[in-house]
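The values are calculated or read from the model by the stated rules, or taken from the named source; none is laboratory data. Owing to the predicted nature of the structure, the values given are computational and were not obtained by experimental measurement. For neighbour counting, all protein chains shown are included, and Cβ atoms are generated from backbone atoms with ideal geometry for every residue, glycine included. Side chains included, ligands, DNA and RNA excluded: accessible areas come from the protein's heavy atoms. Shrake-Rupley method; radii C 1.70, N 1.55, O 1.52, S 1.80 Å.
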Amino acid sequence: MKCLIVYDSNFGNTEKIARAIAGAITPLGEVKVLRASEANSSELASIDFLIVGSPTHAGRATRTIKEFLKKIPENALKNVGVTSFDTRFSAKDKGVGTRILLRILDYAAGRITENLKGKGGYLAAEPEGFIVEDSKGPLKQKELERAASWAKEIVKSKK
Ligand SMILES: Cc1cc2nc3c(=O)[nH]c(=O)nc-3n(C[C@H](O)[C@H](O)[C@H](O)COP(=O)(O)O)c2cc1C
């Protein structure tokens with residue numbers, strides 16, 4: 001079983017989640033973790049899973065992630081299990097104005113997963129968000145553990 005994790009991260013929080021996911025999958029197969037700026041579509045050959053992670057910026061993935069997604073050829077993800085994660089604020093932690101704004105903007109993970117499915121991938125697990133306490137982090141307690149258990153769910157979906 002081969003799994004590729006592609007992520008972007010400005011302050012290191014999304015990278016920590018990517019590495020926690022990799023750590024959970026490593027005993028079950030081969031895992032490669034790449035920063036989106038260093039990933040290209042040749043990496044997609046013969047993978048079973050593609051997991052893409054991004055910080056949420058104004059409800060969307062970062063430009064680097066969007067550029068990576070654009071480079072994936074049509075149908076390149078046929079028979080590949082796909083999903084994505086983002087790091088984000090929790091609406092619950094914010095005042096009413098910000099809470100409404102966050103809901104309107106939505107988050108990056110769902111959008112990334114839709115894009116990956118559009119390239120032919122099958123949904124391996126529902127997209128997930130991991131919470132940061134502030135723009136630069138830190139991650140909320142137990143998010144690394146939550147990422148590890150989400151990762152195991154992905155691998156279980158293998159066709
Ligand atoms: C320019 C900018 C826009 C952001 N927009 C959102 C947003 O719309 N929703 C949200 O939940 N978090 C938002 N955040 C907070 C990011 O989610 C947070 O910075 C990110 O999770 C940190 O991940 P990183 O350490 O991997 O860069 C924003 C942060 C920045 C810097």
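Is it fair to say Lys119 is out of contact with any Gly (no Cβ under 8 Å at 6 or more places or on another chain) and open to solvent by less than 80 Å² (accessible area, probe 1.4 Å)?
It is true that Lys119 is out of contact with any Gly (no Cβ under 8 Å at 6 or more places or on another chain) and open to solvent by less than 80 Å² (accessible area, probe 1.4 Å).
Give segment 82-119 a look and list any residue that's of a type outside the set (A, V, I, L, M, F, W, C) and over 21 Å from Thr64 (Cα atoms), or say none.
At the first step, the residues of segment 82-119 found to be of a type outside the set (A, V, I, L, M, F, W, C) are 83-84, 86-88, 90, 92-95, 97-99, 103, 106-107, 110-111, 113-115, 117-119.
Residues satisfying the conditions are Ser90, Lys92, Asp93, Lys94, Gly95, Gly97, Thr98, Arg99, Arg103.
Per-residue answers, yes or no, for (1) under 24 Å from Ile131 (Cα atoms); (2) touching a residue at least 40 places away in the same chain (Cβ under 8 Å); (3) among the aromatic types (Phe, Trp, Tyr):
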site: Asn13; (1), (2), (3): yes, yes, no
site: Ile21; (1), (2), (3): yes, yes, no
site: Ala45; (1), (2), (3): no, no, no
site: Val52; (1), (2), (3): yes, yes, no
site: Arg63; (1), (2), (3): yes, no, no
site: Phe85; (1), (2), (3): yes, yes, yes
site: Val96; (1), (2), (3): yes, no, no
site: Leu101; (1), (2), (3): yes, no, no
site: Gly110; (1), (2), (3): yes, no, no
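Here are Glu145, Glu133: which of them is farther than 15 Å from Phe49 by Cα and surrounded by 14 or more Cβ atoms within 10 Å (Cβ to Cβ)?
Glu133
Residues that are open to solvent by 10 Å² or more (accessible area, probe 1.4 Å) and touching a Phe, Trp or Tyr at 6+ places or on another chain (Cβ under 7 Å): does segment 9-22 have at least one?
Yes - at least one qualifying residue is present in segment 9-22.
Of all residues in segment 87-113 being within 14 Å of the ligand (Cβ to nearest atom) and open to solvent by 90 Å² or more (accessible area, probe 1.4 Å), which is farthest from the chain's Cα centre (by Cα)?
Per the criteria, the residue is Ile100.
Can you work out which of the residues in segment 114-151 that are charged (D, E, K, R) and in contact with a strand residue (DSSP E or B) (Cβ under 6 Å, 6 or more places away or on another chain) is farthest from the ligand (Cβ to nearest atom)?
So, considering only residues that are charged (D, E, K, R) and in contact with a strand residue (DSSP E or B) (Cβ under 6 Å, 6 or more places away or on another chain), the one farthest from the ligand (Cβ to nearest atom) is Glu128.
Name the single residue, out of those in segment 55-86 being under 25 Å from Ile100 (Cα atoms) and assigned to a loop (DSSP other than H, G, I, E, B), that is most open to solvent (accessible area, probe 1.4 Å).
Residue satisfying both the conditions and the ranking: Ala58.
Quick check on this structure: which one of Thr26, Thr14 is part of a helix (DSSP H, G or I) and either away from the ligand (no atom under 12 Å from the Cβ) or farther than 23 Å from Arg146 by Cβ (or both)?
Only one candidate qualifies: Thr26.
Among the listed residues Lys66, Lys2, Lys71, Lys78, identify the single one that is at pLDDT 95 or above and within 14 Å of the chain's Cα centre (by Cα).
Checking each option against the conditions leaves just Lys66.
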